[in-house]
Amino acid sequence: MDEKKKILIVEDENDARQIFLDILTDAGFDAMAAADGKQALELMQENKFDLVLLDIIMPNMDGVQTLAEAKKYTGKYGDMKIVMLSNIGGDIAIDKAMKLGADGYMLKSETEPDDLIALVKNYLGVA
């Protein structure tokens, strides 16, 4: 990758957040992390991200609320792709997120590190 793609990981669970951060940083991405939706929106205002991996179930502001807020101000937060993270397939919240404009979703419990990197590269359109 010539220019590092900027990724925001929004995950309230500390260990999972750190694992995602380590995997993506080691793969050559410029990755940052937020523990909840409010912190994520603050980081989106300060940085232009290419991709946001957004957990659905979080305290303070859940992923669907964060997505809705980010989509309201697309120009404000830049032109980024948002992929929802969940541990539950067939989740009603995933359906709602897709209707709100999420670019896709990923089941955290079924994703190995290589799968995560491939998924991220696919959404970013990089080799």
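Rounded if a/c is under 1.5, else prolate if a/b beats b/c, else oblate: with a ≥ b ≥ c from the C-alpha gyration tensor eigenvalues square-rooted, which is the chain?
rounded
Mind listing which GluC sites (Glu not before Pro) in segment 1-93 are in a DSSP loop and have 11 or fewer other Cβ atoms within 10 Å?
Those satisfying the criteria are E3.
Which of the listed residues, Y105, A68, V120, is farthest toward the dipole's positive end in the chain, when Lys, Arg count +1 and Asp, Glu count -1 at the beta-carbon?
Positive-most Cα among the choices belongs to A68.
Roughly how many nanometres apart are two label points built 7 Å out from the Cα toward the Cβ at K71 and D114?
Placing both labels 7 Å along Cα→Cβ, they lie 3.4 nm apart.
Return the lysines within reach of K5: Cα separation strictly under 22 angstrom, same-chain partners fewer than 8 residues apart disregarded; answer none if there are no such residues.
Excluding near neighbours in sequence, the set is K48, K71, K76, K81, K108, K121.
Just so you know, all these numbers are worked out from the coordinates, no wet-lab data involved. These numbers were taken from a predicted model, which means no experiment stands behind them. With ideal geometry, Cβ positions are generated from the backbone for all residues, glycine too; neighbour counts draw on all protein chains shown.
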